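The values are calculated or read from the model by the stated rules, or taken from the named source; none is laboratory data. The shown structure was predicted, so the numbers you read here are calculated from the model rather than taken from an experiment. Cβ coordinates were reconstructed from backbone atoms using ideal geometry, including for glycine residues, and neighbour counts include every protein chain displayed. Ligands, DNA and RNA are stripped out before the accessible areas are found, and what is left, the full protein with its side chains, is counted by its heavy atoms. Shrake-Rupley method; radii C 1.70, N 1.55, O 1.52, S 1.80 Å.
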Amino acid sequence: MSRPLQISADTAVKLSKQLGVPIEHLMHMPRHILLQKMAELAAKESAEAETKDSSET
């Protein structure tokens, strides 16, 4: 069985909200899956920021 992630409570709450995952699931999520979800979230935010920048010009 995997150990809970070693992240702060504040980080857990923020990630839980951004990823739409309950904190209990987040804390026991395998690290590679969490990193994948974070990368997907970063790519989505980057694409949204790029779209916003191009529409302002």
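Note on Glu24: accessible area approximately 130 square angstrom, rounded to 10, probe 1.4 Å, nucleic acids and ligands left out.
In square angstrom, rounded to the nearest 10, how much accessible surface does Ser8 have for a 1.4 Å probe? Counting only protein heavy atoms, Ser8 exposes about 60 Å² to solvent. Charging the Cβ of each Asp and Glu at -1 and of each Lys and Arg at +1, and nothing else, the dipole of the chain about its Cα centre rounds to 380 debye. Against the main long axis of the alpha-carbon atoms of the chain, helix 31-56 sits at an angle near 20°. Straight-line reach from Lys37: taking Cα to Cα under 21 Å and skipping same-chain neighbours fewer than 8 places apart, the lysines in range are Lys14, Lys17.
For the chain, the per residue solvent-accessible surface stands at 82 Å², with DNA, RNA and ligands left out and a 1.4 Å probe. Running Debye on the chain with equal point scatterers at the Cα sites and no solvent, what base-10 log of I(q)/I(0) appears at q = 0.23, 0.25 Å⁻¹? Those come out to -0.88, -0.98, one per q. Rolling a 1.4 Å probe over the protein heavy atoms of the chain, with every protein chain left in place, gives an accessible area that is 56 percent carbon and sulfur.
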